[in-house]
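Here the structure is laid out as structure tokens; the discussion comes afterwards.
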Amino acid sequence: MLASAMTSLTENQKQRELSAAGNNAKKREAIEKKYFEKQKRMAFIQALINTALAATNALATGVPIYKWIDFAAVLAAGAFQAAAISAQSFADGGLVYGETLARVGEYPGASSNPEVIAPLSDLKAILGGSMGGLPKTIELKAKGRDLWAVLHMEENLQNTY
């Protein structure tokens, strides 16, 4: 009950700040991010409280040998929930150099500006494919009052043989 009251108060405050920000996209994004982090902290704390309550209940009830199994299961589930809540977010982008638990698509504009999740080599291939017509080198030459740009399309030239 307390958690829902806190969530309601936080949501109301967020809506007031968003209204005050008007159409300023940067302010609105900063407000959304601030309240996302608040919600994340509140959810983490609530998960810890729920885990503690469930662990206490597991030890207080049941057959003595099984209550320790229940206790361990509750702690494992609580740890998993806390890890999922505090998983690294990539709303501002980022690089991952090893296995990691991540939250993606969690930012307000994800439906219209989705995140790309791909190995760097695949991303380079994707972007390279869409930019294939662009020159790899631009050489500028100044002659008198004229400035000439010479475009070298190495990849295109290599593929014409």
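Computed values, structure above
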{"quantity": "Condition check for residue 36: of a type in the set (A, V, I, L, M, F, W, C), surrounded by 13 or more Cβ atoms within 10 Å (Cβ to Cβ), in contact (Cβ under 8 Å) with a residue 60 or more places away in the chain and within 19 Å of residue 8 (Cβ to Cβ)", "calculated": "yes"}
{"quantity": "Enumeration of residues in the range 1-18 that are at pLDDT below 80 and surrounded by 14 or more Cβ atoms within 10 Å (Cβ to Cβ)", "calculated": "6, 7"}
{"quantity": "Extreme residue, farthest from the chain's Cα centre (by Cα), among residues of the range 51-76 that are closer than 30 Å to residue 104 by Cα and surrounded by 15 or more Cβ atoms within 10 Å (Cβ to Cβ)", "calculated": "54"}
{"quantity": "Pairs where the first residue, in the range 64-82, is among the aromatic types (Phe, Trp, Tyr) and the second is part of a helix (DSSP H, G or I), C-beta under 6 Å, 6+ apart", "calculated": "71/55; 71/58; 71/59"}
{"quantity": "Selected residue (criterion: modelled with the highest pLDDT) from residues of the range 90-124 that are of a type in the set (D, E, K, R) and closer than 20 Å to residue 27 by Cα", "calculated": "106"}
{"quantity": "Members of the range 19-33 that are surrounded by 15 or more Cβ atoms within 10 Å (Cβ to Cβ), of a type in the set (A, V, I, L, M) and under 22 Å from the mean Cα position of the chain (by Cα)", "calculated": "31"}
{"quantity": "Selection status of residue 87, assigned by TED's automatic domain parsing to the domain that holds residue 113 and modelled with pLDDT of 85 or more", "calculated": "no"}
{"quantity": "Of all residues making up the range 52-89, the number that are touching an Asp or Glu at 6+ places or on another chain (Cβ under 7 Å) and assigned to a helix (DSSP H, G or I)", "calculated": "1"}
{"quantity": "In the range 31-63, the residues that are within 23 Å of residue 5 (Cβ to Cβ) and among the basic types (Lys, Arg)", "calculated": "34, 38, 40, 41"}
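The values are calculated or read from the model by the stated rules, or taken from the named source; none is laboratory data. Not measured: the values here are computed from a predicted model. So basically every Cβ, Gly included, is an ideal-geometry build from the backbone, and we count neighbours across all protein chains shown.
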